[in-house]
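Just so you know, all these numbers are worked out from the coordinates, no wet-lab data involved. This is a predicted model, so every value here is computed, not measured. Every residue, glycine as well, gets a Cβ built from its backbone with ideal geometry; the counts of neighbours run over all protein chains shown.
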């Protein structure tokens, strides 16, 4: 069962232009993601997907395999789908995030192993326990409610303690996804749904189409970098801090 992992990377992020190439601990942010992704067990192919020559040049410089994608891609998922169309041999496609320098390779490995073991899992993601209640309540932290079988009931930016949501098991979501290739291509063709537009959460598109999303629990956070201030804070903290 061939597994393709794609790291989408674009230069023109609104809040942080040039983010993939921003230096962190002496190397580009994207290089940290690539190096951690190479430690994931079960990957057959690992690709950086970009529409930018600067990112391609830098990524090839640190040894990455790069595939150019259209500048018209609206999201990382669209870039992953474009690459997946060129890889019909891939049965599972993992959409990584190019701004998560502390990606947990063990958690991604478990997700891949789980999808290989159970062909009924068409889509999967990661989440972890968040002990900081104040951080958990913040609207930029995405939460996922999980049912007794480990599948997502909902994703939300709301504070679950203050909203009329089932309380159950609620975890902090990590924006990484595993797809069966056929589902990824379907997903990319579906228009954004009502809940997706309201919450600004692309993964809700799957739930709105009746797709069950398996949630694998990670032992640690791998929060992404959205702003220069977050990158500076991580630089000061140091790796593994």
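Ordering of 146-154, 72-80, 175-183 by packing is 175-183, 72-80, 146-154, highest average first (other Cβ atoms within 10 Å, averaged per residue).
Subtracting the Cα-Cα distance of residue 35 and residue 1 from their residue separation scaled by 0.36 nm leaves 9.9 nm. Working note: 222 nm ellipticity from helices only, DSSP H runs with n ≥ 4, each -39,500 (n - 2.57), summed and divided by the residues of the chain, gives -8500 deg cm²/dmol to the nearest 500. Checking (i) 12.4; (ii) 13.4; (iii) 14.7 against the coordinates, the calculated mean projected area of the Cα convex hull in nm² falls under label (i).
For region 113-241, the convex hull spanned by the alpha carbon atoms encloses 138 Å³ per residue.
Report for the chain the percent antiparallel among DSSP-assigned beta bridges with both residues inside it, nearest 5. Restricted to the chain, the bridges split so that about 55 percent are antiparallel. Distance between the C-alpha centers of region 136-214 and region 218-238? Whole Å please. Each part's Cα centre sits 22 Å from the other's. Estimated from the Cβ-Cβ distance and a Förster radius of 45 angstrom, the FRET efficiency linking residue 57 and residue 164 is about 0.35.
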